[in-house]
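Visitor: Pasting a structure below so you can have a look.
The values are calculated or read from the model by the stated rules, or taken from the named source; none is laboratory data. Keep in mind the model is a prediction, meaning the values are calculated, not measured. Cβ sites come from the backbone with ideal geometry, for glycine too, and all protein chains shown count toward neighbours. All accessible areas refer to the heavy atoms of the entire protein, side chains included, with ligands and DNA or RNA removed. Shrake-Rupley method; radii C 1.70, N 1.55, O 1.52, S 1.80 Å.
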Amino acid sequence: PIFQRYPRPEKEYQSFSLIYNDRSLDLVRIFFFICKDMDEAEVWFSGLKALISRSHQRKWRTESRSDGIPSEVNSPRTYTRRSSPLHSPFGSNDSLQKDGGDHLRLHSPYESPPKNGLGKAFSDVILYAVPPKGFFPPESASGSVHSLSSGGSDSVHGHMKTMAMDAFRVSLSSAVSSSSQGSGHDDGDALGDVFIWGEGTGDGVLGGGLDKVGSCGIKMDSLLPKALESAVVLDVQNIACGGRHAALVTKQGEVFSWGEESGGRLGHGVDSDVLQPKLIDALSNTNIELVACGEYHTCAVTLSGDLYTWGDGTYNFGLLGHGNEVSHWVPKRVNGPLEGIHVSSISCGPWHTAVVTSAGQLFTFGDGTFGVLGHGDQNSVSIPREVESLKGLRTVRAACGVWHTAAVVEVMVGNSSSSNCSSGKLFTWGDGDKGRLGHGDKEAKLVPTCVAALVEPNFCQVACGHSLTVALTTSGHVYTMGSPVYGQLGNPQADGKVPTRVEGKLSK
């Protein structure tokens, strides 16, 4: 399913599959796609060699071993047509030819020039190797190797270099799929695809892309979700959007960004917009788990709990948390008070950032206007600082709006006569205009304040918009507070003065 989704017909002459029973191991194109340099190519080659060349005593047999089944059903030709992941991507099925009875070869649609170097060794191993004992299930109906010569370039070195490496590098778990009719569907569904919609910005990088009209391009909005265009296979686990840029994390821990460049927020170290998701090289050897985008900066959290930030540090004091007003065009690790502390989640506003640790501490930094940092004043903070008033309580989640912040905090409930248990309560602080804090007034709050009207529900998630706070309870109910003018509260009766539960299709 992956190769059908990302067809590369010009690479078909370098493709082959190992087929056994009703499954196929698709090494189609992977060998040349995945390797960013010759060292990686050698590793792949060694592994492949070990996989299929353990014993040379016998050749693979293609004869059917089944009893009482019409030979046409299990003939190599029929079998190949049924199992091939691309359903004979090499042209008509007539290109299949028996070769001496013992090999089933797929001949290249091109004439194969003399092989040399790695290409020759590669095809030699395929043509004359035997699978390791136990590689196929017992009494397999058919075992065949489709081999295509790797012909072509001046040398493998030259070939590798000329292939815009970063454009075609895919991750192992994305590329190696078993695409039989039985299991392929599951593999396809498991791939984390990305869809995007909204305003066309920059060079059409977000929204609907660029529509060519004559010699110029017009930015297109996208009113419906459309598949994100990407030169690489992306198996995505986490995604974040800023105003004019976006970032994602793959299941392999790589982070990609794209959009309008401004002050270094894309993290690629160059002052140019990026049209499609591009790997952030500075983090390519770091296992990233989460990413968050502000207006002018981007943050990422590693699997080991380290925080990296990058972007425009000159806009507001302390936006990146490095203690200065310097922009960083590549990701830089945030140390200081977070040294040795495991970060579990992060949220970015345009001017400030909130960090929750796995121990339940809440740290904030950036612009402190309206008391949005929760430190009891309106001062800006250039390095992460723990929110004092929540010490001793466990913060579960935090979310940054433009000029307000919200958090779900575990509070012990119950009295001495009943067993104590914790319940997630909603705390908000910062600018109280338009009722976005949920306290029934428009007053600013300089420290986290529990939303009294929502003291009963047990909350687990929270999110903030410009003039909006949304919270989710463990029982699946959604509460909103803030401006009702665009219907964003999800309840026609809501006036925005007090928190209300979302009705309609979410009511149950």
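Visitor: Which numbered condition trips up SER272, out of (1) over 21 Å from ILE346 (Cα atoms); (2) of a type in the set (Gly, Ala, Ser); (3) at pLDDT below 90?
Guide: (3)
Visitor: Something else: Just the residues that are assigned to a loop (DSSP other than H, G, I, E, B), among the aliphatic types (A, V, I, L, M) and more than 17 Å from LEU489 (Cα to Cα), please, taken from segment 434-449.
Guide: Answer for segment 434-449, where residues must be assigned to a loop (DSSP other than H, G, I, E, B), among the aliphatic types (A, V, I, L, M) and more than 17 Å from LEU489 (Cα to Cα): just ALA444.
Visitor: What single numbered condition from (1) over 34 Å from the mean Cα position of the chain (by Cα); (2) without any contact (Cβ under 8 Å) to a residue 60 or more places away in the chain fails to hold for PHE427?
Guide: Tallying (1) over 34 Å from the mean Cα position of the chain (by Cα); (2) without any contact (Cβ under 8 Å) to a residue 60 or more places away in the chain, PHE427 fails exactly one: (1).
Visitor: Right, here's the next one. For ALA453, which of the numbered conditions (1) under 20 Å from PHE370 (Cβ atoms); (2) in a helix (DSSP H, G or I) fails to hold?
Guide: Unmet condition: (1).
Visitor: Working only within segment 343-363, note down all residues that are within 20 Å of LEU283 (Cα to Cα) and out of contact with any strand residue (DSSP E or B) (no Cβ under 6 Å at 6 or more places or on another chain).
Guide: none
Visitor: Something else now. Could you please find all residues in segment 468-496 being polar (S, T, N, Q), touching a Phe, Trp or Tyr at 6+ places or on another chain (Cβ under 9 Å) and open to solvent by less than 20 Å² (accessible area, probe 1.4 Å)?
Guide: Those that are polar (S, T, N, Q), touching a Phe, Trp or Tyr at 6+ places or on another chain (Cβ under 9 Å) and open to solvent by less than 20 Å² (accessible area, probe 1.4 Å): THR469, THR473.
Visitor: Check GLY267, GLY323, GLY340, GLY336 and return the single one that is closer than 26 Å to ALA463 by Cβ and either in contact (Cβ under 8 Å) with a residue 24 or more places away in the chain or of a type outside the set (A, V, I, L, M, F, W, C) (or both).
Guide: Going through GLY267, GLY323, GLY340, GLY336 in turn, just one is closer than 26 Å to ALA463 by Cβ and either in contact (Cβ under 8 Å) with a residue 24 or more places away in the chain or of a type outside the set (A, V, I, L, M, F, W, C) (or both): GLY267.
Visitor: Can you tell me which residue within segment 308-323, out of those that are surrounded by fewer than 24 Cβ atoms within 10 Å (Cβ to Cβ) and farther than 18 Å from GLN378 by Cα, is modelled with the lowest pLDDT?
Guide: It comes out as THR314.
Visitor: Yes or no: segment 257-278 includes at least one residue that is closer than 23 Å to TRP403 by Cβ and buried (at least 23 other Cβ atoms within 10 Å of the Cβ).
Guide: The answer is yes; a qualifying residue exists.
Visitor: Residue check: is THR369 in contact (Cβ under 8 Å) with a residue 24 or more places away in the chain, open to solvent by less than 40 Å² (accessible area, probe 1.4 Å) and of a type in the set (Ser, Thr, Tyr)?
Guide: Answer is no for this residue.
Visitor: Mind telling me which of the residues SER344, SER389, SER380 ends up being open to solvent by 20 Å² or more (accessible area, probe 1.4 Å), under 24 Å from the mean Cα position of the chain (by Cα), in the same structural domain as ALA471 (by the TED database) and not β-branched (Val, Ile, Thr)?
Guide: SER344
Visitor: Need the failing condition index for TYR308 against (1) within 18 Å of GLY349 (Cα to Cα); (2) part of a loop (DSSP other than H, G, I, E, B), just the number.
Guide: (2)
Visitor: While we're looking at this one, here's another question. Taking ALA452 as the residue in question, decide whether it is assigned by the TED database to the domain that holds LEU373 and within 29 Å of the chain's Cα centre (by Cα).
Guide: no
Visitor: Identify, please: which residue in segment 281-307 is open to solvent by 50 Å² or more (accessible area, probe 1.4 Å) and modelled with pLDDT under 95 and is, among those, farthest from the chain's Cα centre (by Cα)?
Guide: Per the criteria, the residue is GLU295.
Visitor: So, in segment 254-269, how many residues would count as being over 20 Å from PRO350 (Cα atoms) and touching a Gly at 6+ places or on another chain (Cβ under 9 Å)?
Guide: Total satisfying the criteria: 1.
Visitor: Can you confirm whether VAL413 is more than 29 Å from the chain's Cα centre (by Cα), open to solvent by 10 Å² or more (accessible area, probe 1.4 Å) and without any contact (Cβ under 8 Å) to a residue 24 or more places away in the chain?
Guide: The answer is yes for VAL413.
Visitor: Looking only at segment 378-406, count every residue that is touching a helix residue (DSSP H, G or I) at 6+ places or on another chain (Cβ under 7 Å) and in a loop (DSSP other than H, G, I, E, B) and tell me the total.
Guide: Within segment 378-406, residues that are touching a helix residue (DSSP H, G or I) at 6+ places or on another chain (Cβ under 7 Å) and in a loop (DSSP other than H, G, I, E, B) number 2.
Visitor: Looking at GLY465, GLY482 in this structure, which one is in the same structural domain as HIS404 (by the TED database), within 25 Å of VAL356 (Cα to Cα) and in contact with a Lys or Arg (Cβ under 6 Å, 6 or more places away or on another chain)?
Guide: GLY482
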